[in-house]
1. What are the pairs with Cβ atoms under 7 angstrom where one residue, in the stretch 101-113, is within 20 Å of PRO276 (Cα to Cα) and the other, located anywhere, is among the aliphatic types (A, V, I, L, M) and part of a loop (DSSP other than H, G, I, E, B)? Sequence gap at least six, or different chains.
2. Residue check: is LEU24 without any contact (Cβ under 8 Å) to a residue 60 or more places away in the chain and either in contact with a Lys or Arg (Cβ under 8 Å, 6 or more places away or on another chain) or assigned to a loop (DSSP other than H, G, I, E, B) (or both)?
3. Working only within the stretch 222-268, note down all residues that are within 12 Å of LEU136 (Cβ to Cβ), assigned to a helix (DSSP H, G or I) and of a type in the set (Val, Ile, Thr).
4. Looking at PHE283, PHE214, PHE248, which one is within 16 Å of the chain's Cα centre (by Cα), closer than 24 Å to GLU167 by Cβ and aromatic (Phe, Trp, Tyr)?
5. Quick one: count up the residues across the stretch 249-269 that are buried (at least 19 other Cβ atoms within 10 Å of the Cβ) and touching a Leu at 6+ places or on another chain (Cβ under 9 Å).
6. Which condition from (1) surrounded by fewer than 17 Cβ atoms within 10 Å (Cβ to Cβ); (2) among the polar types (S, T, N, Q); (3) closer than 22 Å to SER190 by Cβ is the one that ASN293 breaks?
7. Can you tell me which residues in the stretch 178-205 are of a type in the set (A, V, I, L, M, F, W, C), in a helix (DSSP H, G or I) and closer than 26 Å to THR82 by Cα?
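The values are calculated or read from the model by the stated rules, or taken from the named source; none is laboratory data. The model shown is predicted, which means the values in this text are computed figures rather than measured ones. Methodologically, a virtual Cβ is constructed for each residue, glycine included, from the backbone with ideal geometry; neighbour enumeration extends over all protein chains shown.
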Amino acid sequence: MNFAGLEEGDMVDADALDDLEHGLARVNGVKLHYVTAGEGPPLVLLHGWPQTWYEWRAVIPALADDYTVIAPDLRGMGDSETPAAGYDKDTVATDVRELVAHLGFGDDPIALVGHDWGMATAYAYAAQYRGEVGALCVLDAGLPGVREEEKRRLWHTRFHSVPDLPERLVAGRERLYLSWFYKQGAYDPSAIDTDARDEYVRCYSQPGGLRGGFEYYRAYDEDAENNDAHAEDPLETPVLALGGATSFRELPIADMNAVTTDVDGEVVDRAGHWIPEERPEYFVERLTGFLENAM
């Protein structure tokens, strides 16, 4: 599944998931690849590292029964462009906001879901553009600058933040390196199967693919400063915060409680870092129930 040859405005049927459509749009100075499905209120899904929109493959069909699902590849990842700069999450969130408007939903409150770096991006979206997000769901990650004592112990956050070196060490070993994360972060390693690994490795093996992902970590200090400023005015948007039982557990709940006023949180049993892939049926049921009450 290589969509890099699309031109802006092209829409094609996906071979693997027949009801999805893929397109490209230039927004906020970057060309983004995105997937859409369904009809109804807009529901935006933001992936993390080392994944792409494809992490939502098992949940999009069910969510599309009631929502217009929009799942972009964030700048620098998947089949989106890899610009030289702009990886702070305030900027990445603005990319997504402009994509939402480009797709015709600029006047509608959206439901927003973010996993991993998508969590930080989703919070930045809701914090910058208050009133435009009707409900926010965040999955198994933390926010830079919030309760900081919990964060910098992660070895890969420090490693990926080093300029240039990680790309040189990992290049040519993408499958080996990324597969370690998929296995170590999982309760059920089989949830990210060979097809999924092939797709993720394809994307991160493209020119600029590794750098684009690592730039999210290199923006950490800027993200922390921005989050400190956002947190001065706690967000009132309803939030669902989920942490995997064998991964970050209560951390996303605690972080969102530090910056928002209305949090429904849960530690997800039989799940690690990859909740939408490890527990897709649970995730759809939990998310849709939350959205019915929140919006």
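1. Once the first residue is within 20 Å of PRO276 (Cα to Cα) and sits in the stretch 101-113, its partners that are among the aliphatic types (A, V, I, L, M) and part of a loop (DSSP other than H, G, I, E, B) give ALA111/MET295.
2. Yes.
3. Matches in the stretch 222-268: VAL259 only.
4. Within the list PHE283, PHE214, PHE248, the selection yields PHE214.
5. 9
6. Status for ASN293: all satisfied but (3).
7. So in the stretch 178-205, the residues of a type in the set (A, V, I, L, M, F, W, C) come out as 178, 180-181, 186, 191-192, 196, 201, 203.
After this cut, where a residue has to be in a helix (DSSP H, G or I) as well, the list is 178, 180-181, 191, 196, 201, 203.
Those that are of a type in the set (A, V, I, L, M, F, W, C), in a helix (DSSP H, G or I) and closer than 26 Å to THR82 by Cα: LEU178, TRP180, PHE181, ALA196, VAL201, CYS203.
Let's see how each residue does on (1) farther than 14 Å from VAL27 by Cβ; (2) assigned to a strand (DSSP E or B); (3) at pLDDT below 95:
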| site | (1), (2), (3) |
| --- | --- |
| ALA85 | yes, no, no |
| ALA93 | no, no, no |
| ALA120 | yes, no, no |
| ARG130 | yes, no, yes |
| THR157 | yes, no, yes |
